[in-house]
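In what follows, a single structure is set out as structure tokens and then discussed.
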Amino acid sequence: MKIIFSPSKEMSFQSPYKEATTYSDKTKTIISELKNLNKDEIKNIYKISDKVADEVLNYIDNFYIEESYRTIEMYTGLAFRKFDMDSLNPDEKSYLDEHLVILSAFYGPINPEKLVRPYRLDMNVGIKIDGLSLKNFWKDEFNSAFEDGEIILNLASDEFSSLIDRKKFKIYDFDFFEKKDGKLKSHSTISKKSRGLMLNYICKNKIENLEDLKNFNLEGFEFAEELSTESKFTFLKTI
């Protein structure tokens with residue numbers, strides 16, 4: 001069983017490592033393509049401001065000389081903050097290392113302990129690598145990261161999880177809703193927070209039995225049987 005999770009644009013550089021690290025040929029190909037772009041091209045392809053373009057160029061120019069960071073420590077977006085890795089004990093961290101796969105548009109499928117360098121790239125950036133969109137460039141690699149028929153708990157956004165072939169694997173999705181005045185609502189903030197909480201719950205309980213997922217109850221969420229299916233776990237929070 002594996003758990004897939006999305007990376008985040010927000011990153012922390014507080015815990016650098018000086019050990020040498022290696023990168024796949026695909027990552028090297030991407031960085032080579034990015035190095036060929038000037039600032040205006042970066043702004044146009046990424047659809048970003050001058051300030052963010054300078055940040056992207058800095059990552060590109062210093063990619064092979066900057067210090068590295070553990071993947072799970074570098075990402076600090078909302079889902080990762082809610083996951084709260086520091087709350088895990090050594091056994092729970094071992095479970096995380098064994099089961100979690102983070103899907104990156106720059107590094108591909110990566111282990112939480114993998115040493116990486118800062119970057120900014122998502123699947124929607126309009127760059128072509130070897131004539132392919134980023135999604136097509138990574139699709140085979142994403143699917144080869146899992147064994148045929150393997151159970152995959154999908155805590156990733158559609159941007160990344162859509163690359164996984166649902167015919168090859170047993171994929172279980174998660175929906176999270178807030179209910180107020182009888183109306184259900186869900187948006188990206190609710191989804192990001194809840195995915196992080198669910199990852200924390202899975203690791204804390206070292207889940208192996210899918211039925212145990214229904215006991216998730218962090219921050220007021222409860223399993224909603226009537227909104228769930230055989231392949232989708234839905235949770236509801238009344239506010």
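The values are calculated or read from the model by the stated rules, or taken from the named source; none is laboratory data. Note that the coordinates shown come from a computational prediction; the quantities given were computed from them, not determined experimentally. Cβ sites come from the backbone with ideal geometry, for glycine too, and all protein chains shown count toward neighbours.
Across the range 61-76, a minimum of one residue is classified as at pLDDT below 95, aromatic (Phe, Trp, Tyr), over 30 Å from Ile202 (Cα atoms) and in contact with a Leu (Cβ under 9 Å, 6 or more places away or on another chain).
Considering Ile110, Ile102, the condition of being within 30 Å of Val52 (Cβ to Cβ), free of Cβ contacts under 8 Å to residues at least 60 places away in the same chain, touching a strand residue (DSSP E or B) at 6+ places or on another chain (Cβ under 8 Å) and not small (Gly, Ala, Ser) is satisfied by Ile110 alone.
Is there a residue being in contact with a Lys or Arg (Cβ under 9 Å, 6 or more places away or on another chain) and exposed (fewer than 13 other Cβ atoms within 10 Å of the Cβ) anywhere in the range 39-49? There is at least one residue in the range 39-49 that is in contact with a Lys or Arg (Cβ under 9 Å, 6 or more places away or on another chain) and exposed (fewer than 13 other Cβ atoms within 10 Å of the Cβ). If you go through the range 61-77 and pick out every residue that is surrounded by 17 or more Cβ atoms within 10 Å (Cβ to Cβ) and either assigned to a helix (DSSP H, G or I) or free of Cβ contacts under 8 Å to residues at least 12 places away in the same chain (or both), you end up with 4. Scanning the range 217-237 for residues that are surrounded by fewer than 16 Cβ atoms within 10 Å (Cβ to Cβ), at negative phi and either of a type in the set (Ser, Thr, Tyr) or in a helix (DSSP H, G or I) (or both) returns Glu225, Glu226, Leu227, Thr229, Ser231.
With respect to the conditions (1) exposed (fewer than 13 other Cβ atoms within 10 Å of the Cβ); (2) in a helix (DSSP H, G or I), Met198 falls short on a single one, namely (1). Using the structure shown, decide if Leu132 is of a type in the set (A, V, I, L, M, F, W, C), free of Cβ contacts under 8 Å to residues at least 24 places away in the same chain and more than 26 Å from Met1 (Cβ to Cβ). Yes, satisfied. Per the listing Lys214, Lys193, Lys179, the residue uniquely basic (Lys, Arg) and either assigned to a strand (DSSP E or B) or in contact with a Pro (Cβ under 7 Å, 6 or more places away or on another chain) (or both) is Lys179. Of everything listed in (1) touching an Asp or Glu at 6+ places or on another chain (Cβ under 6 Å); (2) surrounded by 19 or more Cβ atoms within 10 Å (Cβ to Cβ); (3) part of a helix (DSSP H, G or I), the single unmet condition for Asn143 is (2). For Lys192, the requirement of being within 24 Å of Asn89 (Cα to Cα), of a type in the set (Lys, Arg) and buried (at least 16 other Cβ atoms within 10 Å of the Cβ) is met. One residue stands out among those in the range 16-36 that are under 26 Å from Asp140 (Cα atoms) and assigned to a loop (DSSP other than H, G, I, E, B): the one that is modelled with the lowest pLDDT, which is Thr21.
Beta carbons closer than 9 Å, at least 6 apart along the sequence or on distinct chains, pair a first residue in the range 115-129 that is within 23 Å of Thr22 (Cα to Cα) and assigned to a strand (DSSP E or B) with a second that is modelled with pLDDT of 95 or more and of a type in the set (A, V, I, L, M) for Val116/Met74; Val116/Ile110; Ile129/Ile30.
Residues that are touching a helix residue (DSSP H, G or I) at 6+ places or on another chain (Cβ under 7 Å), surrounded by fewer than 20 Cβ atoms within 10 Å (Cβ to Cβ), under 23 Å from Ile42 (Cβ atoms) and of a type outside the set (A, V, I, L, M, F, W, C) do not occur anywhere in the range 87-110. Which residues, counting only those in the range 185-202, are over 11 Å from Phe235 (Cβ atoms), over 16 Å from the mean Cα position of the chain (by Cα) and modelled with pLDDT of 95 or more? Result: no residue meets the conditions.
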